[in-house]
Amino acid sequence: MGDDKNYLKGTTTVGIVCKDGIILGADMRATAGNLIVNKETEKVIKITDNIIVTMAGTVSDAQLLCKYLSAELNLMKIRNNHEPTVREAANLMASFVYGNIRKMSMIPGVAHFLMAGKDRTGYYLFDIFADGSLTEEDKYVTSGSGSVFALGVLESTYKENMSVNEGVELVHKSINAALQRDTYSGNGINIFTVTKNGIVKEARKLVNTNAV
């Protein structure tokens, strides 16, 4: 990721489905080109009490779309007198991303999100790609410049019906693998769970703070 004036060039985010919830995690390094501009960036954003997203791409676009989504979901709740479903939230965010990438701009508005949430029908994990496409994931998904390293760990280690505790360990392991190899990911790991207890921040670990 990068600052508000530059492209977000690197990130590693991971989402996995467990038998009793969803886990989302991300690294903490923000970059502008080859410059590290922030070592403690929050890339996992709470949208509602039951929905969170990871963000990658151009930071100003990603932050603005998250604000739009949160506001629109609040309006939907008021109009309909009930919480929007995770699928409704994912479709709305996908439409925002679709329009954002196609607008004329001096700086490309690239934004890629993973969304996790729960509603009255269950737990859900969605991949909202930077072109506006939407995919529901039933196992795991990763995004960003370090995703190829994280994916190797996920493919070799993930198993269905994992517990939340096992899932947290796997997300940490997969992101840490990316931190060791991807220049644009680093400095720390944030991990959140979405379970019957709501959204809980399970881990915040600073690592690799002196790496370039």
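The values are calculated or read from the model by the stated rules, or taken from the named source; none is laboratory data. What you are looking at is a predicted structure, and each value in this text was computed from that prediction instead of being measured. Every residue, glycine among them, receives a Cβ derived from its backbone with ideal geometry; neighbour counts consider all protein chains shown.
Miscellaneous remarks
- Candidate set: region 56-69, residues that are among the hydroxyl-bearing types (Ser, Thr, Tyr) and surrounded by 17 or more Cβ atoms within 10 Å (Cβ to Cβ); chosen: the one nearest to the chain's Cα centre (by Cα): THR58
- Qualifying positions in region 85-104 - more than 18 Å from VAL59 (Cβ to Cβ), charged (D, E, K, R) and modelled with pLDDT under 95: ARG102
Yes/no per residue for (1) touching a helix residue (DSSP H, G or I) at 6+ places or on another chain (Cβ under 6 Å); (2) under 26 Å from LEU170 (Cα atoms); (3) not hydroxyl-bearing (Ser, Thr, Tyr):
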position: ILE78; (1), (2), (3): no, no, yes
position: GLU88; (1), (2), (3): no, no, yes
position: LYS103; (1), (2), (3): no, no, yes
position: GLY117; (1), (2), (3): yes, yes, yes
position: ARG120; (1), (2), (3): no, no, yes
position: PHE129; (1), (2), (3): no, yes, yes
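- Annotation note: of ASN176, ASN161, the sole residue that is at pLDDT below 95, part of a helix (DSSP H, G or I) and surrounded by fewer than 23 Cβ atoms within 10 Å (Cβ to Cβ) is ASN176.
- When residues of region 124-145 are limited to those that are hydroxyl-bearing (Ser, Thr, Tyr) and in contact with a Ser or Thr (Cβ under 8 Å, 6 or more places away or on another chain), the one surrounded by the most Cβ atoms within 10 Å (Cβ to Cβ): THR142
- Of all residues in region 24-35, those satisfying the criterion of being touching a strand residue (DSSP E or B) at 6+ places or on another chain (Cβ under 7 Å), in a strand (DSSP E or B) and not acidic (Asp, Glu) are LEU24, GLY25, ALA26, ALA30, THR31.
- Members of region 179-202 found to be hydroxyl-bearing (Ser, Thr, Tyr), surrounded by 22 or more Cβ atoms within 10 Å (Cβ to Cβ) and either closer than 26 Å to LEU35 by Cβ or modelled with pLDDT under 95 (or both), listed by number: TYR184, SER185
- Of all residues in region 21-36, none satisfies the criterion of being free of Cβ contacts under 8 Å to residues at least 12 places away in the same chain and crowded, with 18+ Cβ neighbours inside 10 Å.
- Of the residues LEU170, LEU154, the single one that is buried (at least 20 other Cβ atoms within 10 Å of the Cβ) and either within 23 Å of THR41 (Cα to Cα) or hydroxyl-bearing (Ser, Thr, Tyr) (or both) is LEU170.
- Within region 76-116, being touching a Lys or Arg at 6+ places or on another chain (Cβ under 9 Å) and either under 22 Å from LEU24 (Cβ atoms) or surrounded by 15 or more Cβ atoms within 10 Å (Cβ to Cβ) (or both) holds for GLU83, PRO84, THR85, VAL86, GLY109.
- Residues satisfying the stated conditions in region 42-66, i.e. part of a loop (DSSP other than H, G, I, E, B) and either in contact with a helix residue (DSSP H, G or I) (Cβ under 8 Å, 6 or more places away or on another chain) or within 22 Å of TYR124 (Cα to Cα) (or both): GLU42, LYS43, ILE47, THR48, ASP49, ASN50
- Among the residues of region 31-48, those that are in contact with an Asp or Glu (Cβ under 8 Å, 6 or more places away or on another chain) and over 19 Å from SER174 (Cα atoms) comprise ALA32, VAL37, ASN38, THR48.
- The lone exception for GLY15 - which of (1) modelled with pLDDT of 95 or more; (2) over 24 Å from MET162 (Cα atoms); (3) outside any helix (DSSP H, G or I); (4) not hydroxyl-bearing (Ser, Thr, Tyr) it fails: (2)
- Residue that is nearest to GLU88 (Cα to Cα), among those in region 37-55 that are surrounded by fewer than 17 Cβ atoms within 10 Å (Cβ to Cβ) and more than 14 Å from the chain's Cα centre (by Cα): ASP49
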